[in-house]
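Accompanying notes for the structure given below.
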Amino acid sequence: MRAPKWRVSAGLLAFVLAVSLAGCTGDEGEGGGDGLTVGLLLPSRAVPRWEQSDKPMIEKRVKELCSECTVVYANAENDAASQRQQMKSMITRGVSVLILDVVDPKALRSSVRAAEREGIPVVAYDRLAEGPISGFVSFDGGEVGRLQGEALLRGMGARADGGSVVMMNGDPSSPNAAWYEGGARSVLKDRVRIARSYNTLGWRTENAHDQMSAAISALGPHRIDGVLAANDSIAAGVVAALKSARVSPLPAITGQDADLDAVRRIVEGEQYMTVYKPFRLETDAASAMAVALARGNDVDALVTTSVDSPTTEDVPSILLDPIAVTRENIGRTLVQDGVYTVDQICTPKLRPDCDRAGLTR
C-alpha cells in the first residue's frame, strides 16, 4: 500500500464532511434518495466492534443522510466463500452501492468486478479490497502499528532495550494485518529481540491463546518481556495463556479496538494499552461516501488522499488518525468521547483500580 499523501484529523474530517454533505442531503443525483439501497458487508463477529459499533452507526448515519435509503446487512463470519455469496445476493438484488469490509481481498476480487459490471460502486471499509473499488475509508494502519510499538517500549521500561518480545499478529488474509505489523516493526526493530512471531487466524482469542501457550513453552514463562498483540481479541488470549502459566507480573501487552473488556484489563493492569479508533468518524465517512456514490455523485469533496491497492491505483481514500490509550488517558479519550461511561468500565471489582486510575474521583 502506498503511503498516503496526508491523513485527516478528527476536527478536519468533521469540517470536510459537514461542508460536503450540505449539498448531499437532498434528492440530488441520479435517482435522488428514493429507493436507494446500501449493502453493508462486515467480516466477522469475533471482533466485537463490528456488530456493536460499526453496524448500528452506519445504519443510523445512512438514514440521517438519506431518509429513504435502506441498509441491507450481512456478516461473513470470517468465511470468504460466505462473503462472496452475500455479495452475489446483494448484486442480484440490485443494491445501489456496497460498503465492503473484506474478509479476504484476493478471494473477493472477482465479486468486486462483478459489482462493477452491474454498475454498483464498492466502498472498501476498514480493509483495502482489491478490484475496481470506488473508495476506501480506514484508519492509518501503519500508525496503528507504530503506536503499539511505541507504547510497548514504554510499558517494558528498562527491558525495552534488548528485551524479548513475542509478536501476535493478525490474520494474514487481512491486508491490515501486514500494515499493522510493518508499523510496529519499524519501531521495534532496533530496540528489542523478536523471539517469536505468529499469525492469528480469524483474529480469534482461542487461536491467540494456543500460540501464546506455545511461545511460553518454547521461551520459558519468565523470558517474555513484552507482547505485541495486534488487537484486543488477540490480547485476551495472550493474557489468558500467561495467567494459566502463572506468569506474574504480566509483561506489557498491546491491543487495538478499545473493546470494553480490554479497557477493563488496562484498568486492572493486565493489558498495557489499546488503540482507540473513533469509530463514528469512520462510519460517518463511509456512509457519506456510499450515499454520494449511490446518488451518482463523485466523492472528490469527501476524500483526503489516495492509496494504491495491488490491482488499482489512486483509490480515493480517507485515512483517519488512531489514538493510543493507556490507563492514564482512558478518561480523556473513551469516557470523554462517550464510548463508555465510568460505570460501564468500573465494575464493583475494579472500583479500587478505577480510583487509582483517577476515573472515579
Can you tell me the order of 279-286, 212-219, 331-338, 171-178 when each peptide is scored by its average per-residue count of other Cβ atoms within 10 angstrom, highest first?
279-286, 171-178, 212-219, 331-338
Quick query: amide H of VAL307 versus all other amide H atoms, modeled in the peptide plane; which residues come in under 5 Å with a sequence gap of 5 or more or a different chain?
ASP314, VAL315, SER317
I need the helices of the chain that pass two filters: whole DSSP H segments spanning 30 Å or more by Cα along the axis, and mean Kyte-Doolittle score no lower than -0.5.
none
Dipole magnitude of the range 308-352 about its Cα centre, charges +1 at Lys/Arg Cβ and -1 at Asp/Glu Cβ only, in debye to the nearest 20?
620 debye
Distance between the range 86-122 and the range 266-324 - C-alpha centres, whole angstrom
19 Å
For the chain, what is the number of Lys pairs with C-alpha distance below 26 angstrom, counting only pairs 8 or more positions apart or on separate chains?
15
Percent relative contact order of the range 257-361, based on C-alpha pairs within less than 8 angstrom and at least six residues apart?
30 percent
Between GLU51 and SER217, what length comes free when the chain is fully extended (0.36 nm per residue of separation minus the Cα-Cα distance, one decimal in nm)?
56.2 nm
Going by C-beta contacts inside 10 Å, put VAL103, VAL325, VAL339, VAL238 in order with the fewest on the left.
VAL339, VAL325, VAL103, VAL238
Which cross-chain or sequence-distant (5 or more) residues have an amide H under 5 Å from the amide H of ARG295, H modelled 1.01 Å from N in plane?
none
Could you work out the helix-only [θ] at 222 nm for the chain, with each DSSP H run of four or more residues adding -39,500 (n - 2.57) and the total divided by the number of residues, to the nearest 500 deg cm²/dmol?
-12000 deg cm²/dmol
Run the numbers on the chain and let me know its relative contact order in percent, using alpha-carbon pairs under 8 Å that are six or more apart.
20 percent
How big is D, in µm² s⁻¹, for the range 234-361 by Stokes-Einstein at 4 °C and 1.567 mPa s if Rh is the Kirkwood radius over C-alpha pairs?
76 µm²/s
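Just so you know, all these numbers are worked out from the coordinates, no wet-lab data involved. None of the values given here were measured: they were computed from a predicted structure. Note: ideal-geometry Cβ built from the backbone for every residue, glycine included; neighbour counts use all protein chains shown.
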